[in-house]
Amino acid sequence: MTRTLAIHIGAPKTGTTYLQSLMWANKESLEDHGVVLPGDRQQFHFRTGADLYGEDGLKRTRGPGTSGFWKKFVKSVRRTSAPVVVLSDERLAGAPASAIERVAALSDDREIHVVYAIRNLASLLPSAWQTQVRHGSKQPFVDWTKRMLASSPDQDDRPQFWARHDLPDVVARWTGAVRDPRHIHIVIVPPRSQGPDLLWKRFAEAAGLPETLPVMEAPKTNTTLDYAQTEFMRRVNVELGDDLGHDGYRRYMRNLLSHQLMAGMAKGGGPRVPPRLQTQIEVRANEIIDFLKTSDIDLIGDIGDLSPELGEQHTAPSDEEVLNASVDAMAALMRQLVAGGRPLGVEPRDT
């Protein structure tokens with residue numbers, strides 16, 4: 001039997017937290033099926049991915065205490081005789097060539113398979129904008145979306161978003177890690193209406209994992225905000241500028257305000273891509289679809305799920321709605337300060 005190493009590289013906002021949470025909730029069961037997740041928790045994989053980036057990678061990806069984790073992971077791979085070993089870190093979609101060369105060096109030990117999920121742009125862009133705001137972005141949704149759709153691959157200041165979501169670019173880089181293009185598996189994220197189990201089944205097929213698990217309800221999911229809450233947070237970002245610094249922003253704005261205090265208080269839905277951008281988003285979507293139709297890589301899922309339908313008119317939240325979101329957040333903050341509660345800055349995942 002061929003021994004494989006499945007590298008799950010993301011992309012962000014394609015159900016990665018759900019998939020990772022399911023794998024770790026079923027770690028022992030997966031081992032019984034010959035699948036090994038090195039380390040004792042997902043943090044080991046994030047640190048391994050951060051170390052793998054190396055000096056040529058994104059500086060903020062490399063955090064304290066990540067040095068040496070790639071070597072630890074390699075030792076785990078070479079020590080086990082299990083048929084399948086999995087590494088999962090959604091940031092790896094944007095990994096530089098130097099990182100991919102280090103992965104390719106393991107091809108003498110195992111057959112390497114790369115798993116990459118893609119999502120309909122009409123749902124990806126609003127979700128990605130919310131994450132950008134939670135990391136300090138000051139751009140309104142429509143302005144940010146227009147900038148993403150207008151950027152080109154040869155643009156010097158191309159948004160970092162595309163380093164992890166430009167399918168042809170990601171595939172071109174990661175082809176260097178595999179010996180057969182069919183060992184790059186593209187998983188199409190199904191619509192939410194089809195339920196999360198289908199995403200797991202598609203991912204499991206790509207990575208060589210069991211289709212069903214003892215625990216099929218993920219114990220951990222990402223927190224989400226509605227449009228008014230995210231717009232409130234964006235306006236606070238504008239007012240703050242860079243006053244908090246990276247660590248201060250992460251601790252108080254992203255983790256405390258966004259993840260702990262505002263999570264669960266959403267009263268509406270997220271933004272929708274405006275119908276006037278239908279042509280631009282269709283151009284981008286068709287580029288992805290055409291690439292998939294002409295590529296030798298392994299495609300898992302329904303290519304029709306990538307065709308964007310913008311539907312209802314985009315409507316920005318009113319000032320009153322944003323004010324209500326800010327009042328709710330301030331009330332929650334006051335309760336937190338009085339009650340003590342959890343330590344400030346506990347860091348949930350947001351990808």
Review point. When the residues of the stretch 188-225 are filtered to those that are of a type in the set (G, A, S) and not in a loop (DSSP other than H, G, I, E, B), which remaining residue is farthest from A6 (Cα to Cα)?
Key: S193
Review point. Of all the residues that make up the stretch 124-142, how many are in contact (Cβ under 8 Å) with a residue 40 or more places away in the chain and not in a loop (DSSP other than H, G, I, E, B)?
Key: 12
Check your understanding: Do you know which residues across the stretch 22-54 are modelled with pLDDT of 95 or more and hydroxyl-bearing (S, T, Y)?
Key -> S29
Check your understanding: Can you tell me which of T80, T17 is modelled with pLDDT under 95 and β-branched (V, I, T)?
Key -> T17
Practice item. Could you check the stretch 1-120 for helices (runs of 4 or more DSSP H) lying wholly inside it with 2 or more residues that are touching a helix residue (DSSP H, G or I) at 6+ places or on another chain (Cβ under 9 Å) and of a type in the set (S, T, Y)? Key: 16-25, 42-53
Check your understanding: What pairs can you find where one residue is in the stretch 245-270 and among the aromatic types (F, W, Y), the other is modelled with pLDDT under 90, and their Cβ atoms are less than 9 Å apart, with a gap of 6+ or different chains?
Key -> Y252/L344; Y252/G345
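One residue is enough: does the stretch 289-298 have a residue meeting the conditions farther than 30 Å from V187 by Cβ and surrounded by 15 or more Cβ atoms within 10 Å (Cβ to Cβ)?
no
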Check your understanding: Does the stretch 248-257 include one or more residues that are more than 30 Å from A25 (Cα to Cα) and assigned to a helix (DSSP H, G or I)?
Key -> yes
**Study point:** Residue list for the stretch 308-324, restricted to those being closer than 24 Å to P196 by Cα and surrounded by 15 or more Cβ atoms within 10 Å (Cβ to Cβ)
**Key:** P308, L310
**Study point:** Filter result for A228 (touching an Asp or Glu at 6+ places or on another chain (Cβ under 6 Å), outside any loop (DSSP other than H, G, I, E, B) and surrounded by 14 or more Cβ atoms within 10 Å (Cβ to Cβ))
**Key:** yes
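The values are calculated or read from the model by the stated rules, or taken from the named source; none is laboratory data. Just so we're clear, the structure is a prediction, and the values are computed from it rather than from any experiment. Because the Cβ atoms are built from the backbone with ideal geometry, glycine has one as well, and the counts that use them run over all protein chains shown.
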